[in-house]
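Undergrad: Sharing a structure below in structure tokens format, with a few things to ask.
Just so you know, all these numbers are worked out from the coordinates, no wet-lab data involved. Values in this document were obtained by computation on a predicted structure and should not be read as measured data. Glycine also receives a Cβ, built like all others from the backbone with ideal geometry; neighbour counts cover every protein chain displayed.
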Amino acid sequence: MAKERAFRQAFPVKGGDFSRAGDVSCLIKNLLKEIGVPAPILRRLAIASYEAEMNIIMYAAEGTADLTVTPDEVRLVYSDRGPGIPDITLAMREGYSTATAEMRELGFGAGMGLPNIKKNADTFLLASEPGRGTRLEIAIRLNGRQL
Ligand SMILES: Nc1ncnc2c1ncn2[C@@H]1O[C@H](COP(=O)(O)OP(=O)(O)OP(=O)(O)O)[C@@H](O)[C@H]1O
Ligand SMILES: [Mg+2]
């Protein structure tokens, strides 16, 4: 894939819609598989993209997953409109969660999403404006693997 043919696609994510939990990350995973992203990288992307999507569904009103694939990397930018994260250091702590009882009943709220995203990404940038929303940018290098 030549640099000038970098692939880009945006996916809307609706806050609160648990019936579509994981749909966008599934689409992204299938797309990346189709263009030849190797399985070990695909696994890391699947984990990170699922957790990022779930955080928008769980905590935000609406958001977008913006996917860019170049010969060097897969980059995902998640932007949402929502309450934002007042204390990012706290939110990054393993086990910290503000998930509701209902969310915990569905199996969410271990407080492991953000730490797992960070673990699986080569680039991890989290920024938030409380009261407005959150932006999470992650990238995983393809290490010269030919797509
Ligand atoms: N997009 C977001 N908007 C607002 N708050 C967020 C967002 N993403 C994460 N948070 C806050 O950061 C906390 C930690 O997020 P993290 O994904 O690590 O855990 P969790 O979503 O609570 O549980 P899990 O991901 O294990 O199901 C959340 O409980 C929430 O308070
Ligand atoms: Mg989470």
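Undergrad: Where nothing but the Cβ of Lys and Arg (+1) and of Asp and Glu (-1) is charged, how large is the charge dipole of the stretch 27-147 around its Cα centre, in debye to the nearest 20?
TA: Numbers: 14 positive and 15 negative charges, 74 e Å.
Around 360 debye, computed over the stretch 27-147.
Undergrad: May I ask which residue of ALA61, VAL13, VAL37 lies farthest towards the positive end of the charge dipole of the chain, with charges of +1 (Lys, Arg) and -1 (Asp, Glu) on Cβ and the Cα centre as origin?
TA: Selected residue: VAL37.
Undergrad: Counting Lys and Arg as +1 and Asp and Glu as -1, what is the net charge of the other residues whose Cβ lies under 13 Å from the Cβ of ALA91?
TA: Summing Lys and Arg as +1 and Asp and Glu as -1 gives -1.
Undergrad: Taking a cut-off of 18 Å between Cα atoms, list the aspartates and glutamates near LYS29, but don't count ones fewer than 8 places away on the same chain.
TA: Reachable aspartates and glutamates: GLU51, GLU53, ASP66, ASP72, GLU73, ASP122, GLU137.
Undergrad: So, one more: Given the DSSP H assignment, sum -39500 (n - 2.57) over each helix run of at least 4 residues in the chain and divide by its residue total; what's the result at 222 nm in deg cm²/dmol, nearest 500?
TA: Values: 5 runs with 50 residues, N = 147.
So the calculated ellipticity at 222 nm is -10000 deg cm²/dmol.
Undergrad: Hey, for a label at ALA10 modelled as a point 7 Å past Cα toward Cβ, could you say which residues of the stretch 23-43 have their backbone N under 19 Å away?
TA: 24-25, 27-28
Undergrad: So, one more: Name the longest site-free stretch of the chain, where the excluded sites are trypsin sites (Lys or Arg not before Pro) in a DSSP loop with no more than 15 other beta-carbon atoms within 10 Å.
TA: Maximal segment without exposed cleavage sites: 1-92.
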